[in-house]
Every structure is written in structure tokens, then in C-alpha cells.
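J.: What follows is a single structure, and I will ask about it in a moment.
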Amino acid sequence: MKYGFIKVAAAVPAVKVADVVYNVQQIESLIAQAEGQGVEVMVFPELSLTGYSCQDLFKEQLLIDKAEEGLMLLLDFTRKLDVISIVGLPVQIGALLYNCAAVIQSGTLLGIVPKTYLPNYGEFYEKRWFASAADLTPQNLYLAGSPIHVTPAPTIFTTAEGARFGIEICEDVWAPTPPSNRLSLAGADIIFNLSASDELVGKHAYLRQLLMQQSARTMSGYVYASCGFGESTQDVVYGGNAMILENGHLLSEGDRFSFQPQIKMMQIDVERLRTERRTNSTFITAQAPSNIQYPTLNPQSSTLNYQSSIFSVTCKPIGSHDFELMRPVNPHPFIPVEDKMQEACDEILNIQVAGLAKRLYHIGGSKAVIGISGGLDSTLALLVTVKAFDKLGLDRRGVIGITMPGFGTTDRTYNNALKLMQTLGVTIREISIAKAVTQHFEDIGHDAQQHDVTYENSQARERTQILMDVANKENAIVVGTGDLSELALGWATYNGDHMSMYGVNAGVPKTLVRYLVTYIASEMRKAGNERQREGADVLRDIVDTPISPELIPADAQGNIKQKTEDLVGPYELHDFFLYYFLRFGFRPAKIFLLARHAFSGRYDDEVIRKWLQTFCRRFFNQQFKRSCMPDGPKVGSVSLSPRGDWRMPTDASSALWLQDIP
């Protein structure tokens, strides 16, 4: 400090959600600028290494690991720099994950501070991912190659020239008793706040007043940096606030809604603040009950001073060995084990039936419309719908099954659709889409010989329009047929088969759909009567039919030409990837290892690698379809509902996951 001044900065870097490498590069650029301008301490936004809006990606071990690697990169970058930088990242401590601020200088990790108050209301879901500092017990931690001590108690950092500062994170300052209260009473001159406050009408004015009052109440400097351009705008917008305050006065403020990285610098008069505190009897009185030795950390010596002793154990390293997986890996994790097949299948079907039955009961409905293609998904959806009607005591004729032959419909699927509906005793309607779609092609000027995405999606949307309009006419609901695997891959036409009024298969992956239909076929055959046996034969042929949307004309022999698994990959692989990605948050490198073991002799490394890349790319790129998916029941241990298991920004980057594939 010169003349009692310390130069501080609030930085708002550009960010890409979940792209740690990009984010580190942006942070490094601003650190270099600050160093050149003589900044002594600077702060970045909350979770700045990963992006704040990663949502359920914070459950992914890969992202947590990459954040730590990003911190190591920053430590290496700052080895010859003097500026103290405060960055945000998720840190795993024991079995819990914490939203933390890391303080670094000259290649040294000086300490980390976990967030105390986690918002879990409105648009915020932080308790879904993070634990509070209140849950933390003091302990030693090895992070980014550095041994450090973590504690839930207030931690004060001291610069080489004696300025003392503390840290709080976003919601902390909105709490009735912010950590900055205790930090200031314990001697902190300046509070740095890493934030991720979204923008709402009138909120910024309130925030400014809040920070002005808090800096006045604590007689401190207050440096605030909040997330900006690049964070997900799926449901909220982040304006990129940067503010520097001193004892109730706003000294400097950044440009909100800037699309460019920015850094606001200002000098805070620490000497003046200390004088104000010394002469203010109220502040002195407030300090009295807080006269305890809080942990303090000196950047020069990196030495922690605190009351209680810490017991630590250092383990010796284990020699390096080649890794070979010895435990068995089930290639079909969604499929029930053989000895519990009947129990599991009945339970799954009952969940689906109960979900649809409740919806029908709630609306007082006695009719349902469903498109029947002769494929697996619509077959399972029809079987569930019939069971729901039986459960409610409704006439099966209220189930209106509509087959809608188009340019790619084959005799095999067409006949199976009719036979299935006849066997189940539902109302059968046939509405060809050929004429309507041909007219549509003329209307939009599309060449019907050009079999592109327009050609395909026009058919899917025409079918959905028919279902919706018939449902309106019959005072019915449209039952969706799309499954969990298709949701994961985005294998659906947006606002086409993507839409319904209730999706009974939303929690059932493709491999399980096939298994359930096979199970029902075996149960029908056991029933003994001729009609049931005929139905079982139809179901078995449907199971054996190649999976296809049938949007491209058949081959010269009338067989299905467009096979889904030739285009997006084997569903047994994708369901395997999906299970370990969602259920355990495994990184692609580990999923690849498990898949090699599980599918040894069936798929070689190149095939697994190819479809794992497809899965990662499509899973991230197609989130926008899942963000507005219809209601549907969760069936197993994972779900992709944005209202249930999976909240993910539609614009998150898949770069980390693609790069992790061996």
C-alpha cells in the first residue's frame, strides 16, 4: 500500500459453459492486464473456471477434475506474477462438493473459501449440487498439487504490505447475517465477492443499494464481480456486474450487458477505512463479542494461524502398474436381471400405467389418441395406454390408434400396426399423409425427390398435426411414444414426434422398450387363447423389425431402407453410455474403458469410440429438445426431465467430454 491505498480490480471474463480450457485462457488474459496495471488483488465471478450455469454437469466427475486442472494451469501461469487473483471453482472435499473461491499468487495456492449460503429457491438450485461451508469440518486438503487447510470459519488473507481481506460468495451477502459481517469485525479491510446474480427488472438497483449498505455497515471496501456474457441464457440472463465500493460509496462500476471481457480497477483507501472504524464506537462495541482468533493466512509465508491443532496423515505413494479391469461389467445395465425379470417388468409397466391413468383421471378424460407405426416405441405406448384404460374401467374403444402411412411405410410395419390394434380391440383409423405432405412440399417449394431433413421432418410434423387435431376433435389427449434413448440423442423431430400431451415412454430407454415388449409377448402367449397368441406373434415380429422412422422410401424389395442404428449407432451402446453418464457422472474415458470390457468381442475400439463421440456431441447439442419435453413418468434410476433429474443449459459446451475420449 502507498499512502494507505490498495489497487483492486473486478474482472468479468468471457465464458463458455463447461469449457474449462477456454475459461482459463480468458482469465489468464485479464490477470496479465491487471498485472501490467499494478493491480494488487483482483476477483473473478463465481465458478469462473467452469461457468456458473453448468447445472447438473456439476455432478460430472470430469468437470470437477478439469476445474482442478484449470486451477493448476493458473498456478503455473502466475508463477512470475505478483497480483493476487481470486477465482471460483467446484471443489470436492471428502464426499461433498463445495462452491469455492481459490486465492492464488505467484504460483502458490494460498487458500480456498467455500460458500456458506446456498440459494435453493426460484431459479436457483445450488443445494442440488453443493454443500454449505457449514457442513465442512476443518481439515487439510491436497488441491491442484498444493497442500492447503480448509475451514468453515472466516479466513482473513493479508497482503505483504498489511492489507487484510476476506471473501464471500454471491448469496452470502444477501443473507441476514453475511460472512462479511464477521470478517470485517475480525479485521478484514476489504471484502471480495464472487457472484453469479442473474438480471431481473429492478434487481440491479436493489443489488447496488445492498452492496452500498453492506460496505457502509461493515466500514469496508467491497469488490464485486458477477457472471456475464457466455453464461447460459436457457432460462435467465447474466449481465456481468463489476462494482467496487468503499464504506457506502460506489467508486467504480462496469458496463452491464457488455459482450466483451472487462476489468474495472480502483484504489481503495484502507487507511481511511481503519480510521473510520477506530473512531466509530458502534463498530468497536460490535467487535467485542467477536474478539476471537479467526484463522488468518499470510500470502508471504502461506502460513495458517488458528486455535485448534490439525492432525494429518501423509500416505506413501504406490508404485505404478498397468491397469486392467478385473470386475465384470453388464453391457445392458437397464435390463432387469433374469431372476427378477417378471417383478421388474411388472413394476415398470405399472409405473407407466399409473402415470397415464392419473393424467386421464385428473382431466376427466376417456379418450386417448396415439400414432401406431408398427415400431417398438408406439407398440409399448399402445400397450401401456390399453392397460391404463383397463385400470380405470374405460372402454378400450376410447383408445384411438391411428396409422399414418407415408412415403417410407413398409407392408411389414403397416400390417403389424393393424394387427396389433385389432388384437387389442382399440378404435382403428388410417390417415395417409402422402397427399398432405406432397401439397406441403408444393407450398414451400421443396423438391419431393430431395430426401433431406425437410423431406423427413415434414412427414413427422404432419403426423403430429393429425394426432393433435384428432385429439381436439375427440376431446382426447395425445399419448407420446418417444423413449429415453431418443431423448438423449435428440432423435426426434422438434415439434413433431417430439411433442405430445403425456409421454409414457419418457423414462424407458430403447433396450428396455425392446425387452418390455418381448416380456409382454411372452405373457400373452402364456394366456392360452388364440387371439392372445396371435398378438404375441405380432409383438415378436415388431421386436425383430429394424428400428426405423420410415421417412425414406423402402428399397426395391419393399424392405426398410432407413435404419436408425446405421445412422446414430447401436442403441445398446448408447444406452450403456447414457447409464454411466447420468447415473454416476463418469467421464468419457472411463465409460470407454467400461464399454471395451463389456462389449469385448462384439465391438472393436474404433466402433465404440465413434459412437461415444456421437453420443457426447448429440447429447449436448440436443438439450434444447429436452428442455421443453412433455410430462412423462420417471421409471428407473435416471431421467432426462428438466423438471426432475436433469437440468442442463441448452448451450453448454461438449468440448471437455469430446476431448476426454481416448
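J.: When you scan the range 561-614, how many residues do you find that are assigned to a helix (DSSP H, G or I), under 21 Å from R647 (Cα atoms) and not hydroxyl-bearing (S, T, Y)?
T.: Number of matching residues: 9.
J.: Read through the list (1) without any contact (Cβ under 8 Å) to a residue 60 or more places away in the chain; (2) open to solvent by 20 Å² or more (accessible area, probe 1.4 Å); (3) in contact with a Leu (Cβ under 9 Å, 6 or more places away or on another chain), then give the number of the only condition that F407 fails.
T.: (1)
J.: Could you look through the range 597-644, keep only residues that are open to solvent by less than 40 Å² (accessible area, probe 1.4 Å) and charged (D, E, K, R), and pick out the one that is farthest from the chain's Cα centre (by Cα)?
T.: Filtering first and then ranking leaves K625.
J.: Being modelled with pLDDT of 95 or more, out of contact with any Leu (no Cβ under 8 Å at 6 or more places or on another chain), open to solvent by 10 Å² or more (accessible area, probe 1.4 Å) and in a helix (DSSP H, G or I) is true for just one of R412, R397. Which residue is that? Steps first, answer last, please.
T.: Working: R412 fails: modelled with pLDDT of 95 or more.
Every option except R397 fails the conditions.
J.: Out of (1) in contact with a Ser or Thr (Cβ under 9 Å, 6 or more places away or on another chain); (2) assigned to a helix (DSSP H, G or I); (3) open to solvent by less than 20 Å² (accessible area, probe 1.4 Å), what's the single condition that is false for G507?
T.: Status for G507: all satisfied but (2).
J.: Got a sec? Which of S485, S500 is crowded, with 23+ Cβ neighbours inside 10 Å, in a loop (DSSP other than H, G, I, E, B), of a type in the set (S, T, Y) and touching a residue at least 40 places away in the same chain (Cβ under 8 Å)? Outline the logic, then answer.
T.: Numbers: S485 fails: in a loop (DSSP other than H, G, I, E, B).
Exactly one of S485, S500 is crowded, with 23+ Cβ neighbours inside 10 Å, in a loop (DSSP other than H, G, I, E, B), of a type in the set (S, T, Y) and touching a residue at least 40 places away in the same chain (Cβ under 8 Å), namely S500.
J.: Kindly list, by first and then second residue, each pair from a residue in the range 215-234 that is under 16 Å from I6 (Cβ atoms) to a residue that is open to solvent by 10 Å² or more (accessible area, probe 1.4 Å) and assigned to a strand (DSSP E or B), limited to pairs with Cβ atoms under 6 Å and residues at least 6 apart or on different chains.
T.: G221/E246
J.: Okay, next question. Checking G319 against (1) assigned to a loop (DSSP other than H, G, I, E, B); (2) open to solvent by less than 70 Å² (accessible area, probe 1.4 Å); (3) modelled with pLDDT of 85 or more, which single condition isn't satisfied?
T.: Of (1) assigned to a loop (DSSP other than H, G, I, E, B); (2) open to solvent by less than 70 Å² (accessible area, probe 1.4 Å); (3) modelled with pLDDT of 85 or more, only one is false for G319: (3).
J.: Between a residue in the range 32-49 that is more than 13 Å from A102 (Cβ to Cβ) and any residue that is open to solvent by 10 Å² or more (accessible area, probe 1.4 Å) and assigned to a loop (DSSP other than H, G, I, E, B), which pairs come within a Cβ distance under 6 Å, given they are 6 or more apart or on different chains?
T.: E35/L81
Conditions tested, residue by residue: (1) surrounded by fewer than 23 Cβ atoms within 10 Å (Cβ to Cβ); (2) among the aliphatic types (A, V, I, L, M); (3) at pLDDT 95 or above.
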residue	(1), (2), (3)
K7	yes, no, no
A14	yes, yes, yes
A18	no, yes, yes
V24	no, yes, yes
A32	yes, yes, yes
V43	no, yes, yes
E46	no, no, yes
L73	yes, yes, yes
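J.: Turning to a different aspect of this structure: Return the residues of the range 165-178 that are assigned to a helix (DSSP H, G or I) and closer than 19 Å to I268 by Cβ; say none if nothing qualifies. Spell out the reasoning first.
T.: Residues of the range 165-178 assigned to a helix (DSSP H, G or I): 170-174.
The one that is assigned to a helix (DSSP H, G or I) and closer than 19 Å to I268 by Cβ: V173.
J.: What tally of residues in the range 53-97 results from selecting those that are of a type in the set (S, T, Y) and either in contact with a Leu (Cβ under 7 Å, 6 or more places away or on another chain) or free of Cβ contacts under 8 Å to residues at least 60 places away in the same chain (or both)?
T.: Within the range 53-97, the subset of a type in the set (S, T, Y) is 53, 78, 85.
Right, trim to either in contact with a Leu (Cβ under 7 Å, 6 or more places away or on another chain) or free of Cβ contacts under 8 Å to residues at least 60 places away in the same chain (or both) and you get 78, 85.
Total meeting the criteria: 2.
Here is a yes/no grid of residues against (1) in a loop (DSSP other than H, G, I, E, B); (2) touching a strand residue (DSSP E or B) at 6+ places or on another chain (Cβ under 6 Å); (3) surrounded by fewer than 21 Cβ atoms within 10 Å (Cβ to Cβ):
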site: W491; (1), (2), (3): yes, no, no
site: G496; (1), (2), (3): yes, no, yes
site: V517; (1), (2), (3): no, no, yes
site: A536; (1), (2), (3): no, no, yes
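J.: To continue, here is another question. Considering only residues that are part of a loop (DSSP other than H, G, I, E, B) and open to solvent by 60 Å² or more (accessible area, probe 1.4 Å), which ones fall in the range 378-394? Even if it seems obvious, please write down each step before you answer.
T.: Step one: filter the range 378-394 for residues part of a loop (DSSP other than H, G, I, E, B), giving 393-394.
Result: G393, single match.
J.: Can you tell me how many residues within the range 340-377 are at pLDDT 95 or above, surrounded by 18 or more Cβ atoms within 10 Å (Cβ to Cβ) and either on the phi > 0 side of the Ramachandran plot or among the polar types (S, T, N, Q) (or both)?
T.: So the answer is 1.
J.: Let me ask something else about it. For the range 615-639, how many residues meet the condition of being more than 25 Å from M468 (Cβ to Cβ) and in a helix (DSSP H, G or I)?
T.: Of the residues in the range 615-639, 7 are more than 25 Å from M468 (Cβ to Cβ) and in a helix (DSSP H, G or I).
J.: For the range 418-463, give me each residue that is touching a residue at least 24 places away in the same chain (Cβ under 8 Å), open to solvent by less than 70 Å² (accessible area, probe 1.4 Å), within 21 Å of T493 (Cα to Cα) and not hydroxyl-bearing (S, T, Y).
T.: Answer for the range 418-463, where residues must be touching a residue at least 24 places away in the same chain (Cβ under 8 Å), open to solvent by less than 70 Å² (accessible area, probe 1.4 Å), within 21 Å of T493 (Cα to Cα) and not hydroxyl-bearing (S, T, Y): I431, I433, A434, A436, V437, E456, N457, Q459, A460, E462, R463.
J.: Still on this model: Looking at the range 109-116, can you tell me whether even one residue there is buried (at least 21 other Cβ atoms within 10 Å of the Cβ), modelled with pLDDT of 90 or more and of a type in the set (S, T, Y)?
T.: Yes, some residue in the range 109-116 is buried (at least 21 other Cβ atoms within 10 Å of the Cβ), modelled with pLDDT of 90 or more and of a type in the set (S, T, Y).
J.: What number of residues in the range 75-97 are of a type in the set (A, V, I, L, M), in contact with a Phe, Trp or Tyr (Cβ under 9 Å, 6 or more places away or on another chain) and open to solvent by 10 Å² or more (accessible area, probe 1.4 Å)? Lay out the reasoning, then the answer.
T.: Start the filter on the range 75-97 by keeping residues that are of a type in the set (A, V, I, L, M), which leaves 75, 81, 83-84, 86-87, 89, 91, 93, 95-97.
Remaining after also requiring in contact with a Phe, Trp or Tyr (Cβ under 9 Å, 6 or more places away or on another chain): 84, 86-87, 91, 96-97.
Now drop any that are not open to solvent by 10 Å² or more (accessible area, probe 1.4 Å), which leaves 96-97.
The qualifying residues number 2.
J.: Could you please give the count of residues in the range 519-534 that are buried (at least 18 other Cβ atoms within 10 Å of the Cβ) and not aromatic (F, W, Y)? So that I can check it myself, show each step before the final result.
T.: From the range 519-534, those buried (at least 18 other Cβ atoms within 10 Å of the Cβ) are 519-521, 524; that's our starting set.
Narrowing further to those that are not aromatic (F, W, Y): 520-521, 524.
Of the residues in the range 519-534, 3 are buried (at least 18 other Cβ atoms within 10 Å of the Cβ) and not aromatic (F, W, Y).
J.: Let me ask something else about it. On the given criteria, is A471 closer than 17 Å to I372 by Cβ, small (G, A, S) and assigned to a helix (DSSP H, G or I)?
T.: Numbers: closer than 17 Å to I372 by Cβ: yes; small (G, A, S): yes; assigned to a helix (DSSP H, G or I): yes.
Against the criterion (closer than 17 Å to I372 by Cβ, small (G, A, S) and assigned to a helix (DSSP H, G or I)), A471 qualifies.
J.: Among the acidic types (D, E), at negative phi and within 14 Å of the chain's Cα centre (by Cα): which single residue out of D651, D660 fits that description? Steps first, please.
T.: Details: D660 fails: within 14 Å of the chain's Cα centre (by Cα).
After applying the criteria, what remains is D651.
Results for (1) in contact with a Ser or Thr (Cβ under 7 Å, 6 or more places away or on another chain); (2) aliphatic (A, V, I, L, M), shown as yes or no for each residue.
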residue: K59; (1), (2): no, no
residue: V87; (1), (2): yes, yes
residue: L96; (1), (2): no, yes
residue: I112; (1), (2): no, yes
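J.: Determine the pairs where a residue that is within 19 Å of I433 (Cβ to Cβ), located within the range 550-561, has a partner that is open to solvent by 40 Å² or more (accessible area, probe 1.4 Å) and of a type in the set (G, A, S) with Cβ atoms under 8 Å apart, the partner being 6 or more residues away or on another chain.
T.: E550/S373
J.: Could you please tell me which pairs satisfy a Cβ distance under 7 Å, a separation of 6+ or placement on different chains, a first residue in the range 133-159 that is free of Cβ contacts under 8 Å to residues at least 60 places away in the same chain and open to solvent by 30 Å² or more (accessible area, probe 1.4 Å), and a second residue that is assigned to a strand (DSSP E or B) and of a type in the set (D, E)?
T.: none
J.: With the condition kept exactly as written, say whether any residue in the range 103-117 is farther than 17 Å from V150 by Cβ and within 22 Å of the chain's Cα centre (by Cα). Give the derivation first.
T.: The initial filter retains those residues of the range 103-117 that are farther than 17 Å from V150 by Cβ, namely 105-107, 117.
Narrowing further to those that are within 22 Å of the chain's Cα centre (by Cα): 117.
Within the range 103-117, one or more residues are farther than 17 Å from V150 by Cβ and within 22 Å of the chain's Cα centre (by Cα).
J.: While we're here: Restricting attention to the range 425-446, which residues are in contact with a helix residue (DSSP H, G or I) (Cβ under 6 Å, 6 or more places away or on another chain) and assigned to a helix (DSSP H, G or I)?
T.: Initial filter on the range 425-446 (in contact with a helix residue (DSSP H, G or I) (Cβ under 6 Å, 6 or more places away or on another chain)): 425-428, 431, 433, 436-437, 440, 446.
Of everything in the range 425-446, those that are in contact with a helix residue (DSSP H, G or I) (Cβ under 6 Å, 6 or more places away or on another chain) and assigned to a helix (DSSP H, G or I) turn out to be A436, V437, H440.
The values are calculated or read from the model by the stated rules, or taken from the named source; none is laboratory data. From a predicted model like this one, the values you see are computed outputs, not experimental measurements. Positions of Cβ are backbone-derived with ideal geometry, glycine not excepted, and every protein chain shown enters the neighbour counts. These accessible areas exclude ligands, DNA and RNA; they are computed on the full protein's heavy atoms, side chains included. Shrake-Rupley method; radii C 1.70, N 1.55, O 1.52, S 1.80 Å.
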